Amino acid sequence: MPELPELNPVIHGKLRLALLSLLVGVEEAEFTWLRAKTGSTDGNLGAQLLKLEEAGYVSVEKKFVQRKPQSLYRITEAGRAALTEYVHALRQLLGGAIGA
Amino acid sequence: MTANNEELELKDRLSLIESMIAEGRRTTERWGWVFVLWGVANITAILWAALAHFPWAWPITMITAWVVTIVVAVRKTAKRPSTTLGRAVSAIWIAFGISMMLLFPALGISGRIDEYIQISVGSAMLGMAYAASAILLRWKAQFACALVWWCSSIYACFGKSTPVAVVYLSAIFLCMIVFGVYGMISDWRMRRREASHA
């Protein structure tokens, strides 16, 4: 019997998974846009983004636009690869259950 | 956690990924209003110039449409993330807009323009922009509009004044106003569907 894959715990968190999935479809996204799309609080969002950043899955660029701070997040190559791997593992775990 | 619950949880993760990716991609849409705006602006300019013989009809309507487009577009895109696809489609329309705003005033000032050249060149350029955008977005309805523009362009090379104007006005109505409204309705439907799935 083939060994079942393990799911990456950094990505498996619901909010972190949502964030990576959002970022994979765009070049870069502002903190406020991510907050609006996930419906999360500032504190929780910041903490989860920091975890993704520490894992090397997202990069952040902080700058000032018209004297207001702006944080722009991008998914890294490692983040893209990890998400792809996660989806493969998920599909493998679900097996024939997908589409049922 | 039972095996069934675990399976549901994993399925939930998969649908979360799909919906979030779709949300990111959807940022390139919501532009139906621009087609409607420019369709109305073009028809207004044509009728105003033809019926009132007012020489400033074109500059006034075109500049107004440009200002409205820029102001609304800046406000709409300010908080949106940028996507490669969105930037590619924007590039087509910005380049098209600049070409039109340079070419037609220059032709008008030099006097080297008539209605046939205006319709033929304008329609051909619109056909090019519609087709390029349609290929990028894989949007069949927009490609069908590109075909209509090219027909209008070719017909302006051979047809007589009134039928050429009628074909051009019909193309504007169909490919800008009707197409724009269709774009707005499909976007609204998509948003409603996503809201009900959320």
**Complete:** Filtered hits (lysines, Cα-Cα < 30 Å from A:K68, offset >= 8 within chain) -> A:K14, A:K37, A:K51, B:K76, B:K79
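Classify segment B:137-191 from the C-alpha gyration tensor, please: rounded if a/c falls under 1.5, else prolate or oblate depending on whether a/b exceeds b/c.
oblate
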**Asked** How do the peptides B:162-174, B:88-100, A:66-78 rank, highest first, by the average count of neighbouring beta carbon atoms within 10 Å per residue?
**Response** B:162-174, B:88-100, A:66-78
**Prompt:** How many partner chain Cβ atoms sit within 10 Å of a residue's Cβ in peptide A:34-41, on average, as a whole number?
**Reply:** 1
**Request:** Decide, for the protein assembly as shown, between rounded, prolate and oblate: order the square roots of the alpha carbon gyration tensor eigenvalues as a ≥ b ≥ c, take rounded if a/c falls under 1.5, and otherwise choose prolate if a/b is larger than b/c, else oblate.
**Result:** prolate
**Asked** How far, in nm, would the chain grow between B:W66 and B:D187 when pulled straight, counting 0.36 nm per residue and subtracting the alpha carbon separation?
**Response** 41.2 nm
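Taking a ≥ b ≥ c as the square roots of the Cα gyration tensor eigenvalues, with a/c under 1.5 meaning rounded and otherwise prolate when a/b beats b/c, else oblate, which class fits segment B:53-172?
oblate
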**Item:** Candidates A:E30, A:E53, A:E61: whichever shows maximal mean-square fluctuation once chain A is modelled as a Gaussian network with Cα springs under 10 Å
**Value:** A:E61
**Fill in**
Toy charge model, Lys and Arg Cβ at +1, Asp and Glu Cβ at -1: segment B:94-198 dipole around Cα centroid in debye, rounded to 20, equals 380
**Request:** Using the Cα centre as the reference, give the magnitude of the dipole from point charges on the C-beta atoms of chain A (Lys, Arg: +1; Asp, Glu: -1; all else neutral), rounded to the nearest 20 debye.
**Result:** 440
**Fill in**
Between the modelled labels at A:E85 and B:I117 (7 Å from Cα along Cα→Cβ) the distance in nm is 6.3
**Average partner coverage of B:12-19, which counts Cβ from other chains inside 10 Å** = 5
**Asked** Within 10 Å of each Cβ of A:10-18, how many other protein chain Cβ atoms are there on average?
**Response** 2
**Complete:** Per the beta carbon screen (other Cys under 4.7 Å), unpartnered cysteines of chain B come out as B:C151, B:C157
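Only the coordinates and a few stated rules stand behind these numbers; no lab work does. Here the structure is a predicted model, which means the values were calculated and not measured. Methodologically, a virtual Cβ is constructed for each residue, glycine included, from the backbone with ideal geometry; neighbour enumeration extends over all protein chains shown.
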